[in-house]
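First comes the structure, then the notes that go with it.
The values are calculated or read from the model by the stated rules, or taken from the named source; none is laboratory data. Worth saying up front: this structure is predicted, and the values here are computed from it rather than measured. Neighbour counts run over all protein chains shown; Cβ positions are idealised from the backbone, glycine included. SASA here: full protein model, heavy atoms, side chains in, ligands and nucleic acids out. Shrake-Rupley method; radii C 1.70, N 1.55, O 1.52, S 1.80 Å.
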Amino acid sequence: MKILLLMLLTLASLTVHALPEQIVLIRHAEKMTGKDPELTPQGQQRAQRLATLLAPLNPKKLFSTDYHRTRQTLAPLSAATSVPVQLYNPKALADFAKQLKNDSGTIVVAGHSNTTPELIKLLSGHTVSIHEDEFDKVFIVSWKEGKAILEKRHSNEGKAQ
């Protein structure tokens, strides 16, 4: 009987769904114009502020879309933490959300004004918006007792809003 109970407990523990500690989602910093633009000087400053704000969270993974503006937004954080930036496909957000939920530690994801809100919805069920002229919003998704919690911050000052 003890062996059967031990086997059932082991099996149950294998089916427990582990979630990451937290997922930080940001939109890329201010960009120039044109196809696949780079960051403006203001955007480069914001990327530095984001690195200062997010490095203490000790991210284990950094994800970016394959655009100059998103990769450049995460570059200072990558340099500060020695964590390489991995690319994800913004056209496959449902699959990416599943991948993120099965990961561990703190994860930072840089996206766009349209993809970041969609990814937040997939991860947490919460609805947010990012206007085309907003670059300062920082969203942190975490879980307590299996329920998604959404915290909002701003990269202008790094304080919770």
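Worth a mention:
- DSSP assigns beta bridges within the chain; of those with both partners inside it, close to 55 percent run antiparallel.
- The phi torsions of the stretch 48-57, fed into the Karplus equation with coefficients 6.51, -1.76 and 1.60 and a -60° offset, translate into couplings of 5, 4, 4, 4, 5, 6, 9, 4, x, 7 Hz, rounded to whole numbers, with Gly and Pro shown as x.
- Å² of accessible area per residue within the chain, as computed with a 1.4 Å probe and no ligands counted: 57
- Karplus (6.51, -1.76, 1.60) ³J(HN,Hα), θ = phi - 60°, over the stretch 65-72, in Hz, Gly and Pro reported as x: 6, 8, 10, 3, 4, 6, 5, 5
- From the C-alpha gyration tensor of the stretch 51-116, square roots of 5λ in Å: 19, 15, 9
- Relative frequency of Cα-Cα separations exceeding 20 Å in the stretch 21-84, percent: 20
- Taking a Cβ cut-off of under 13 Å around residue 117, the surrounding Lys, Arg, Asp and Glu residues balance to a net charge of +1, with basic ones at +1 and acidic ones at -1.
- Working from Cα pairs under 8 Å separated by at least six residues, relative contact order for the chain is 28 percent.
- Of 112, 28, 131, the one that fluctuates the most in a GNM where the chain has Cα springs shorter than 10 Å: 131
- Rg and Dmax over the alpha-carbon atoms of the chain stand at 17.5, 69 Å.
- With R₀ fixed at 22 Å, the C-beta to C-beta distance from residue 131 to residue 95 puts the FRET efficiency at about 0.20.
- Local net charge near residue 78, Cβ-Cβ under 14 Å (Lys/Arg +1, Asp/Glu -1): +3
- In this structure, the amide hydrogen of residue 111, modeled 1.01 Å from its nitrogen in the peptide plane, lies closer than 5 angstrom to those of 26, 27, 28, counting only residues at least 5 positions away or on a different chain.
- Set 35/101; 60/144; 60/121; 60/137; 35/98 screened for pairs whose C-alpha atoms are more than 28 Å apart: 35/101; 35/98
- Each residue, residue 152 and residue 55, gets one label point 7 Å from its Cα in the Cβ direction; the gap between the two is 2.8 nm.
- Percentage, to the nearest whole number, of Cα pairs in the stretch 69-161 over 18 Å apart: 49
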